[in-house]
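What follows is a single structure, written as structure tokens, with notes after it.
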Amino acid sequence: MPGCFFHEPVRIPIDLNEQSDTLKGAEYIHISKFFTESKQGHFISCIRDDTKTLYDSFRKGAKESNNGPCLGWRIGTGKLYQWLNYNETLLRARNFGAGLISVGLQPCAQTIVGLYSQNCLEWILTEQACYTYSLVVVPLYDTLGQDSCSYIINQADIAVVICYDDKKCNLLLDKAPRCLRKLVVIKEIKQATQQRAKNRGIELLRFEDVEKLGSLSNYSDVPPKPMDLSTICYTSGTTGSPKGVMLTHQNVMAGICAVLHQLGDYKPTSKDVMISFLPLAHMLERCCENAMFMVGGAVGFYSGDIKKLTDDMKVLKPTVMPAVPRLLNRLYNKVQLELENSFIRRTIFNIAIRAKESDLKKGIIRKNSIWDVLIFRNIQEDMGGRLRLMLVGSAPLAGNILTFSRCVLGCLIVEGYGQTECCAPITLTVQGDHITEHVGPPVACCCVKLVDVPEMEYFAVNNQGEVCVKGTNVFAGYFKDPDKTAETIDQEGWHHTGDVGMWLSN
């Protein structure tokens, strides 16, 4: 087995014993070591001056990829992935956007479009169509519930919603506000649904018909500006109505570019393929996919059934994967269950884990050790066999699960902490850091401080308190709610996250 005993440690870019710089003063403000200008209060908003919006970044990716594969999908078990190349994706997105203008939408940053769909080709076509004409995307999703979806459509005065299928159409029709005039449906719908919509004065259009209509039009692109809104991402919260988080093109680009900047040599490239299965309605997945598009990488969608994710990955063979703790918890539990009834297998497996953990402590990440070949190969093949980078977020990940995952998958796994209000990333662990149960230093688009919470005996001097963030990734405010915005973003521009605890690495 060539290369079995040869390896190259991860190139660790900073001193892991001192992962962030702290500005002088009483506030203990932490800044990124990956961006020297942070010391002067400047933060990354883009990597190149000609790529400042999500409109720009997709076109940059098309060039980087040399019109390579962009969006992939498969229909049914046993089928291979089909692909749209970048230029065809751009053309279809422009046609669909022009179609939306043809049916009455104004091409400007004040026009808001609803999007109620699972991850699919048309989700990205809609998103890029909106960016082509400076429209603002508002994702809707099932866990919001009917009442919240109706509230959002009414508050944002949404006239057009792109809807995935008959079921989602009917959920919207049940409590459709008066402002909703058109539903553009991706899948086939029933005659009864068409009649329901007609009775409510709502026009149903097929996605392909709107796209075809746009192809016959002559509308020029209306590219957005960096400070224009790109999306309003509603968060459900625990009480009250959903809050609309307003994110500009600069916000999203800042988050993307800061993570790519920190990953350095390990960042995605045009040769990478990402599996898309986390909800695109949330900013973690949105940022990951737009980062892939910016570098000219390919994104393949899972088939829509989470139970068939393993089958999708075996066919797609992704190299990049955003993930959440729940997925890695399931992997861990599945393996432990398989080992439960065999003392010998369990013993050998644990020896293999200890050997790989020893590698991790030396900064060695690989899948070509003897233990990978004999013990972990099947687990790696279930994930497609080519994973090299995984980004984990959305909730805390137990340290033993993270170490286990790093050992058995043999890929770089970084963990981040973030919020929708900060366009996902706030902090990210550094490649090569094997220590678990922390979320790394601030990324280069923001700085972080901890504010005392005396009633909980949390004090910033002890590296404890409420997490506050300031930078180019911090949102523009809550939609039509200046009072809530003022409660969250103070006069100095600090966003008070409401998260309390110990968050920062050294």
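The residues of segment 210-247 that are surrounded by fewer than 23 Cβ atoms within 10 Å (Cβ to Cβ), polar (S, T, N, Q) and closer than 30 Å to Asp483 by Cα, listed by number, are Thr235, Ser236, Thr238, Thr239, Ser241. Within segment 78-113, the set of residues being touching a strand residue (DSSP E or B) at 6+ places or on another chain (Cβ under 7 Å), more than 12 Å from Gln128 (Cβ to Cβ) and surrounded by fewer than 22 Cβ atoms within 10 Å (Cβ to Cβ) comprises Tyr81, Gln82, Trp83, Asn85, Val103, Leu105, Ala109, Thr111.
If the condition is being open to solvent by less than 90 Å² (accessible area, probe 1.4 Å), charged (D, E, K, R) and closer than 20 Å to Asp433 by Cβ, then segment 11-49 contributes Asp15, Asp21, Lys33.
Conditions tested, residue by residue: (1) at positive phi; (2) touching an Asp or Glu at 6+ places or on another chain (Cβ under 6 Å); (3) of a type in the set (Ser, Thr, Tyr).
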residue	(1), (2), (3)
Ile47	no, no, no
Ala62	no, no, no
Cys70	no, no, no
Gly78	yes, no, no
Asn95	no, yes, no
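For segment 318-337, residues that are under 28 Å from Gly418 (Cβ atoms) and either in contact with a strand residue (DSSP E or B) (Cβ under 8 Å, 6 or more places away or on another chain) or polar (S, T, N, Q) (or both) total 11.
Whether any residue in segment 198-206 is within 29 Å of Asn67 (Cβ to Cβ), open to solvent by less than 70 Å² (accessible area, probe 1.4 Å), modelled with pLDDT of 95 or more and not hydroxyl-bearing (Ser, Thr, Tyr) is what I want to check. Looking through segment 198-206, none of the residues is within 29 Å of Asn67 (Cβ to Cβ), open to solvent by less than 70 Å² (accessible area, probe 1.4 Å), modelled with pLDDT of 95 or more and not hydroxyl-bearing (Ser, Thr, Tyr). Note on segment 342-458: enclosed helices (runs of 4 or more DSSP H) holding 1 or more residues that are open to solvent by less than 40 Å² (accessible area, probe 1.4 Å) and touching a Gly at 6+ places or on another chain (Cβ under 9 Å) are 343-361, 377-382.
Looking only at helices (runs of 4 or more DSSP H) that lie completely in segment 55-168, which have at least 1 residues being among the small types (Gly, Ala, Ser) and over 23 Å from the mean Cα position of the chain (by Cα)?
Correct list: 86-102, 146-155.
The values are calculated or read from the model by the stated rules, or taken from the named source; none is laboratory data. Nothing here was measured: the structure is a model prediction, and the numbers come from that model. Ideal geometry is used to build each Cβ from the backbone, glycine not excepted, and the neighbour counts take in all protein chains shown. Ligands, DNA and RNA are stripped out before the accessible areas are found, and what is left, the full protein with its side chains, is counted by its heavy atoms. Shrake-Rupley method; radii C 1.70, N 1.55, O 1.52, S 1.80 Å.
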